[in-house]
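Single-structure report; data block below.
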Amino acid sequence: MPKFAANLNFLFTEVPFLERFALARAAGFTAVEYPFPYDYDPRVLKERLEANGLAQVLFNMPPGDWAGGERGIAALPGRRGEFRAGVAKAVEYALALGVPRINCLAGIRSERRSDAEHWRTLTANVRYAAEVLNAHGLTLVVEFINRFDMPGFFLNRTALVLSLLDRVAMPNVLLQYDIYHAQREEGELVATLRRHIDRIGHIQLADNPGRHQPGTGEINYPFILAALDALGYQGHVGLEYIPSPDTASSLGWINRLGYGLSAGKTAATPK
């Protein structure tokens, strides 16, 4: 059965961030993810994870100037030093928190640079990151983001990430497959999962339209989750959706589809 991870940037936002760990555990989750840990001392985050019996399964590398509109810098020419510093910082947090995989955001293309320059930069940066992570037993995942939600993002389709993986040629670099982004950009969800499951290191979900929980839109999640089971997918599925109308009521789809939390079992009593 699927192992679900609560994305704390999307779920339980009714309370401040550090209070969301306890709410996730009370709801039955044993795993969480969120984009960026860097605003907090890793000791603070580790205490929240351990106090609530949670494992963190994913976070992103530093994205550049997020407030200024940047969405990653891995593909941006001229930012190699900043990217490498970000790799070191991400590894520091991953080791402190026991996080096994880190997501790399390619970023929004620069209109002043060619696609060839972006590809050279992205390939070199991802290979460097993969080598550093590999030395620590960590996995690097790379995601694509649909061009409707994020115009100009350099990687917007499955094939582009797989092309990058081929160029980098490192065994610890895998695709992060976000079902919501895939539906908006290309469809062919289960066919893609079947074709490339061995190259997928993490999965996230939301329905479309609206990016709300499964059952609110057009995506056939009973079919998709059953396919993941049949394929033997062993990773987590991150719930990266906007809950409607609120987090607690949005989680009802899990039981309605015959699943549960706590690694596929019924919800556990929080510590």
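Remarks
- Taking every protein chain into account, the 1.4 Å probe leaves residue 144 with about 0 Å² of accessible area, to the nearest ten.
- On the beta carbon distance between residue 198 and residue 132, with R0 = 41 Å, the FRET formula returns roughly 0.95.
- For the chain, adding -39500 (n - 2.57) for each run of n ≥ 4 DSSP H residues and dividing by the number of residues yields -11500 deg cm²/dmol at 222 nm.
- Within the chain, percent of DSSP bridges classed antiparallel, to nearest 5: 5 percent
- Normalised contact order of region 169-271, rounded percent, pairs of Cα under 8 Å and 6 or more residues apart: 23 percent
- Calculated FRET value between residue 160 and residue 15, using beta carbons and R₀ = 35 Å, to 0.05: 0.40
- Remark: spin-label model distance residue 117-residue 246 equals 5.1 nm, labels positioned 7 Å along the Cα→Cβ axis.
- Considering only 248, 16, 96, the residue lying farthest towards the positive end of the dipole of the chain is 96, judged by Cα position with unit charges set on Cβ.
- Rotationally averaged projected area of region 131-271 (alpha carbon convex hull; nm²): 10.0 nm²
- GluC sites (Glu not before Pro) restricted to DSSP loop in region 30-138 with at most 11 other C-beta within 10 Å: 111
- Charged-residue dipole, Cβ positions (Lys, Arg, Asp, Glu), region 162-271 about Cα centre, Debye nearest 20: 320 debye
- Once C-alpha pairs closer than 8 Å and six or more residues apart are averaged by separation and normalised to the residue number of the chain, the relative contact order reads 24 percent.
- Annotation for region 64-102: chymotrypsin sites (Phe, Trp or Tyr not before Pro) lying in DSSP loop with at most 14 further Cβ atoms inside 10 Å of their Cβ are 66.
- Averaging 1/r across all pairs of distinct Cα atoms in the chain and inverting the result yields a Kirkwood radius of 18.8 Å.
- Surface/4 estimate of mean projected area, convex hull on alpha-carbon atoms of region 56-191, nm²: 8.2 nm²
- Placed amide H near residue 5: partners under 5 Å, 5+ positions off or other chain: 237, 238, 239
- Simple label model, 7 Å out from Cα along Cβ direction - residue 124 to residue 40, nm: 3.6 nm
- Electrostatic dipole magnitude of the chain [Cβ: Lys, Arg +1; Asp, Glu -1; Cα centre; debye, to 20]: 460 debye
The values are calculated or read from the model by the stated rules, or taken from the named source; none is laboratory data. The model shown is predicted, which means the values in this text are computed figures rather than measured ones. Because the Cβ atoms are built from the backbone with ideal geometry, glycine has one as well, and the counts that use them run over all protein chains shown. Ligands, DNA and RNA are stripped out before the accessible areas are found, and what is left, the full protein with its side chains, is counted by its heavy atoms. Shrake-Rupley method; radii C 1.70, N 1.55, O 1.52, S 1.80 Å.
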